[in-house]
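Values quoted throughout were computed directly from the atomic coordinates according to the rules given, and no laboratory measurement underlies them. None of the values given here were measured: they were computed from a predicted structure. FYI the Cβ positions are ideal-geometry reconstructions off the backbone, even for glycines, and counts take in every protein chain you see.
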Amino acid sequence: MSETVKKRITDIGPPHYEKFLPPVIKANYGKWKYHEILQPGVMVHVSETNAKLFTVRAASPRLLSIDKIRKFADIADKFSDGFLRFTSRNNVEFLMTDETKIPPLIEDLRSIGHPVGGIGPAISNIVHTQGWVHCHSAATDASGVVKAIMDELIDDFTSMSLPGKLRIAFACCLNMCGAVHCSDIALLGVHRKLPEINHDMLPKTCEIPTLSASCPTAAIRPVTIDGKQTVEVLEEKCMFCANCFTVCPSMKLNNSEFDGLSIWVGGKVSNARTEPRFSKLAIPYLPNNPPRWPEAVEAVKNIVDVWKKNARNFERMGEWIDRIGWPKFFKLTDIPFQKEHIDDFKHAGLTYKTSTHLTQS
Amino acid sequence: MSEEVKTPKLDDLEKGPWPSFVSEIKTAAKTNKMAKDLLGQLEQSYEDKIGHWKHGGIVGVLGYGGGVIGRYSDLPDKFPNVSHFHTVRVNQPAGWYYTSDILRKLCDIWERHGSGLTNMHGSTGDMVLLGTTTDQLESTFQELTAIGFDLGGSGSAVRTPSCCCGQSRCEWACYDTMKLTYDITQHYQDELHRPAFPYKWKFKMSGCPNDCVASIARADISIIGTWRDDIQLVQDEVRNYSKAGLDINRDVVNNCPGKCMDWDGNNLAIENEYCVKCMHCINAMPKALSPGKDRGAAILIGSKAPIMQGAQLSSVLIPFVKLDDEESYKDLYEVFDAIIDLWCEEGKSRERIGEFIRRVGLANFVEAIGLEPTPEMVGAPRDNPYIFYQIEK
Ligand code: SF4
Ligand code: SF4
Ligand code: SF4
Ligand code: SF4
């Protein structure tokens, strides 16, 4: 390779997207008039010129082998003149102008294990993070839990019978790669044990002032142990956020027995009807139970089922809870309300109930 | 490959209707020893209920301070082929559009130099090439640039900007998200590849208030399309929705946050002056309604995940800008550059811009970058009387 590459190219940025747009998009860029969902996972966009663009959306586990990407490329050559894209929620979309090719495309996708769906009032995949596959911070795996949940919710991907959109997101630690904190249902990996401090390594691997400053609650104090400069953690101040571990490898929080995940509900990013808002704590802790995390799957399924049964048309999870109130949410879902549900960090007081608007039943 | 890895736990995740990441790893493992050891180590994690990756180290390509995430196994003796298993972030084309041809070229590069495993795509938007060794980084990089791709951002830098598909396919896009994203990415190449900021900095572009890329929740700068004039309305199509069974009063009018709609069974009236551009009625009746013609975007600032002082949503900085040409982009960059300069000067290490603003106060911040305070910036004026009055001399 070094022979063929004469001059090192840098700072070119990504290729221009125009190179990868199908002709129908180039011709109708900015001219789209409306769209219709034709069937689960299939929609048509119609332009001012009456041109039509058909999109077929298929499920993806996000983690893809080059073998599978090549298969997608072959399918794109066969049905969509080689044009395809990925969505912000990691699904794959084939972009076509010939409507008659939709059924055989769907068949081919199915035959390689990729169901079509995720458009309209449906669940559109679970955005997620690296987990045990590739991250050092992970309090739980991501791909495995997501796979187990999607196996359970598959009918809500391949059909459109939900009251509104359902956005589920997964992050394996509080760093939260991705916007999980504003999702209808967010699953969040949590640690629950104090950092295990490696006093031998710490002085060599970490700067103590940076380390102390990294703690949001000032729980980390410099100390000297056996003549070595190191730190201690004030137990009552630690909320297991692992920010210290991010800056210092000698503050290990990963724990095989006590790590697990928490579940948060009612957030959204869309401005439709109600303003964007954070998800709120529904379940403080569920254990890591690989390979299929039955407790987490069951909890998500239960919340989705109760929402499905009780929400009105267009009502997202949080809008539904707004209407019925949190006490009813906990009652209907049969989730116990615990000490952890009451905020005790900054601005906690803003979450206290300061009215008598109580359903009393 | 020699003997097969036994993975009884992971095998269970090959069952069921949803496509399986385990099958993907196994496919790669047939011909790639890194993928094979990844499979083995992951099974071990499922056994032990804990991750087996060590803290990342600093690795990269010459001249860049980011784009590669160092990753090392904590079981290097057992899984030597993932003892070094670094991630390469590749800046995706705006809107995540590809051709079969370019995907094959990318796959060929990754077949030669890495694990054969990818994420399409990472949370920030990059194409993620999962796992390779330090000695493969430079050749991977050179082959990528030879086909027109570059690395994405990491660390305390501009992170790879991303956007919704915007005007390429969506009739609701109020500005050209892909064009702006491409332009921003090119404009900030130096800041993207060479981390020199207090902390990370993300741009996310959504074409309308539906915000399909969640920019309001996770971008330091959220650029969200909106409009100023009247919603475009086709009465006949509204009637068609009604005939087709949509309960317009219950499902549309009563859900309008501006309380500015009226449906008398035949005509839909909108008091556009009070419409807050939420998109609901347009989402519900896409053939009948669409955003107005005087389109642009609102610029919001400061959202982030919890680390360190708690999660934040972006808040309004500029209620409306036109984004029709490169000139308008330049005006935006002037504002961004003023903000970035101030933050680089005054921000603490690992302090996102949103936390910086909370620390110094939005009013002081706005003043420092030369903007006037406007009522759009707040949900409500203050309710506490502890005011730091400053009597002009
Ligand atoms: S959420 Fe945390 S553990 Fe998961 S990939 Fe991101 S930093 Fe790693
Ligand atoms: S885990 Fe978080 S709260 Fe606990 S010591 Fe580390 S930084 Fe501080
Ligand atoms: S954010 Fe708006 S413009 Fe962009 S894809 Fe979503 S609905 Fe369309
Ligand atoms: S966009 Fe929202 S606020 Fe405006 S009229 Fe429609 S529903 Fe009402």
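Things worth noting here:
- Choice from A:PRO163, A:PRO195, A:PRO15 showing the highest fluctuation, given a GNM over chain A with Cα pairs closer than 10 Å: A:PRO15
- When you work out D = kT/(6 pi eta Rh) for the range A:67-125 at 4 °C and 1.567 mPa s, using the Kirkwood radius from C-alpha pairs as Rh and the Stokes-Einstein form, the result is 109 µm²/s.
- Each helix, a run of at least 4 DSSP H residues, gives -39500 (n - 2.57); summed and divided by the residues of chain A, these come to -7500 deg cm²/dmol at 222 nm.
- Calculated log₁₀ intensity ratio I(q)/I(0) where the Debye formula runs over C-alpha points of the range B:232-290, q = 0.13, 0.14, 0.30 Å⁻¹: -0.26, -0.30, -1.60
- Every pair of different Cα atoms in the range A:66-169 enters the Kirkwood calculation, which places the hydrodynamic radius at 15.2 Å.
- Per-residue ³J(HN,Hα) for the range B:344-360, Karplus 6.51 cos²θ - 1.76 cosθ + 1.60, θ = phi - 60°, Hz, x for Gly and Pro: 5, 6, 10, x, 7, 4, 6, 10, 5, 4, x, 6, 4, 5, 5, 5, 8
- Computed over Cα pairs, the Kirkwood radius of the protein assembly as shown leads via Stokes-Einstein (0.890 mPa s, 25 °C) to a diffusion coefficient of 92 µm² per second.
- Pairs of Cα atoms farther than 27 Å apart, the range B:8-146, %: 21 percent
- Inter-label distance for A:LYS228 and A:LEU358, nm, one decimal - labels placed 7 Å from Cα along Cα-to-Cβ: 5.4 nm
- Sites matching GluC sites (Glu not before Pro) across the range B:251-342 that sit in DSSP coil, with at most 15 neighbouring C-beta atoms within 10 Å: B:GLU271
- Of the chymotrypsin sites (Phe, Trp or Tyr not before Pro) in the range A:178-258, not one is in a loop by DSSP (not H, G, I, E or B) with at most 11 other beta carbons within 10 Å.
- Looking at the range B:1-89, the trypsin sites (Lys or Arg not before Pro) that sit in a DSSP loop and have at most 14 other Cβ atoms within 10 Å of their own Cβ are B:LYS6, B:LYS15, B:LYS30, B:LYS78.
- Averaged over the residues of peptide A:123-135, the number of Cβ atoms from other protein chains lying within 10 Å of each residue's Cβ is 5.
- Rounded if a/c under 1.5, otherwise prolate or oblate - the range A:20-92, Cα gyration tensor axes: prolate
- Size of charge dipole - the protein assembly as shown - debye, nearest 20, with Cβ of Lys, Arg +1 and Asp, Glu -1, no other charges: 760 debye
- Most fluctuating residue given options A:ASN50, A:ASN310, A:ASN91, as computed from a GNM of chain A linking Cα atoms under 10 Å: A:ASN50
- Chain A: equivalent-ellipsoid semi-axes (sqrt of 5 x gyration tensor eigenvalues, Cα, Å): 41, 31, 18
- Helix A:294-310 vs. chain A, principal-axis angle (Cα, 0 to 90°, nearest 10): 60 degrees
- Partner shielding of B:151-162 amounts to 1, given as the average count of beta-carbon atoms from other chains within 10 Å of each residue beta-carbon.
- For the range B:332-393: rounded, prolate or oblate by the Cα gyration tensor [a/c cutoff 1.5]: prolate
- Scaled to the globular estimate 2.2 N^0.38 Å, the Cα spread of the range A:203-298, given as radius of gyration, is 1.47.
- Equivalent ellipsoid semi-axes, the range B:152-266, via Cα gyration tensor eigenvalues times 5, rooted, Å: 40, 14, 10
- Take every pair of alpha-carbon atoms less than 8 Å apart whose residues are at least six positions apart; their mean separation over the length of chain A yields a relative contact order of 12 percent.
- Value of Rg to Rh for the range A:288-351 (Rh from inverse mean 1/r over Cα pairs, i.e. Kirkwood): 1.04
- Per-residue average of Cβ from other chains inside 10 Å of A:38-46: 1
- Considering only the Cα atoms of chain B, their convex hull presents on average a projected area of 25.5 nm².
- Size descriptors for the range A:138-295, from the alpha-carbon set: Rg then Dmax equal 18.9, 66 Å.
- Volume per residue of the C-alpha convex hull in the range B:247-351, rounded to whole Å³: 148 Å³
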